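Right, one structure below, let's go through it.
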Amino acid sequence: GEEVAQTPKHLVRGEGQKAKLYCAPIKGHSYVFWYQQVLKNEFKFLISFQNENVFDETGMPKERFSAKCLPNSPCSLEIQATKLEDSAVYFCASSPRGDPGYEQYFGPGTRLTVT
Amino acid sequence: QQPVQSPQAVILREGEDAVINCSSSKALYSVHWYRQKHGEAPVFLMILLKGGEQKGHDKISASFNEKKQQSSLYLTASQLSYSGTYFCGTDQGGKLIFGQGTELSVKP
């Protein structure tokens, strides 16, 4: 597709429940990035993929967060045992290259609310 | 290292100009500018890679200083549609590290 697609648009989970978010990158883009936006403005990088391989996972809270990009499937970001502090908008972005200087195209985001 | 944006917020009347600054204590490899409207995804505006570079389209332009430690976004003759939060981002090994954002409100 010509746009990054994310599902669901909204997700509500009770504290301790699992949450799973999906992202379909633009066709032909081999890099996928996940960002977390909390408190309206602050963006935090979580993880990136080059095709199905993890490219950079320095932002991932590994104890509860995991992510995958498998061939012929949407990429996914999973949070086990959600906490109140996980409430945020999660954006996925894709890019044709991982080199600096390439635009990242953002999806519409998934708003996760943990109650 | 997170770039620092200034001002944090600005209110304009339609037709007025604004400048948003993005700076770092270290040279940046590149600067990406995005605009985000409330409840929406960030939308790409432009990328600057080279020291001294200037780019622009319509009435929005940006510059990157020679030392690559500061970038400025210029909005001239602002329109209501310019309202939103503007972010600069620096590319660190592919991932973007964003500034804290500048909220721009354009009033009629």
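The values are calculated or read from the model by the stated rules, or taken from the named source; none is laboratory data. The model shown is predicted, which means the values in this text are computed figures rather than measured ones. As a convention, Cβ positions derive from the backbone with ideal geometry for all residues, glycine included, and neighbour counts pool all protein chains shown. In case anyone asks, the SASA skips ligands and DNA or RNA and just uses the protein heavy atoms, side chains included. Shrake-Rupley method; radii C 1.70, N 1.55, O 1.52, S 1.80 Å.
A few points about this structure:
- Using the Cβ-Cβ distance between B:Lys67 and A:Asp99 with R0 set to 22 Å, the FRET efficiency from 1/(1 + (r/R0)^6) comes to roughly 0.50.
- Relative contact order of the range A:5-114, taken over Cα pairs closer than 8 Å and 6 or more residues apart, is 37 percent.
- Across the range A:5-114, Cα-Cα pairs farther apart than 17 Å form 49% of the total.
- Ranked by solvent-accessible area (1.4 Å probe, protein heavy atoms only, all chains present), the residues B:Tyr82, B:Tyr29, A:Tyr22 order from largest to smallest as B:Tyr29, A:Tyr22, B:Tyr82.
- The dipole here belongs to the range A:34-75: it is taken about the Cα centre, uses +1 on the Cβ of Lys and Arg and -1 on the Cβ of Asp and Glu, and is about 160 debye.
- Debye intensity ratio in log₁₀ form over the Cα atoms of chain B, taken at each q of 0.12, 0.18, 0.20 Å⁻¹: -0.36, -0.81, -0.99
- Straight-line reach from B:Lys26: taking Cα to Cα under 30 Å and skipping same-chain neighbours fewer than 8 places apart, the lysines in range are A:Lys40, A:Lys44, A:Lys62, B:Lys37, B:Lys50, B:Lys55, B:Lys59, B:Lys67, B:Lys68, B:Lys95.
- Candidates per trypsin sites (Lys or Arg not before Pro) in the range A:1-34, loop by DSSP, up to 14 other Cβ within 10 Å: A:Lys9, A:Lys18, A:Lys27
- The mean number of partner chain beta-carbon atoms within 10 angstrom of a residue's beta-carbon across peptide B:88-99 is 6.
- Shielded by partner chains, the range A:73-115 residues - at least 40 Å² of accessible area, 1.4 Å probe, vs chain alone: A:Pro100, A:Gly101, A:Glu103, A:Gln104, A:Phe106
- Å² of accessible area per residue within the range A:5-114, as computed with a 1.4 Å probe and no ligands counted: 49 Å²
- Reported to the nearest whole Å, the Cα centre-to-centre distance from the range A:2-54 to the range A:80-110 is 4.
- Cα-derived Rg over Rh, computed across the protein assembly as shown with Rh taken as Kirkwood radius: 0.98
- Model label points for A:Gln50 and B:Lys37, set 7 angstrom from Cα along the Cα-to-Cβ axis, are 3.7 nm apart.
- In this view, the solvent-accessible surface of A:Leu11, computed with a 1.4 Å probe and all protein chains in place, comes to about 20 Å².
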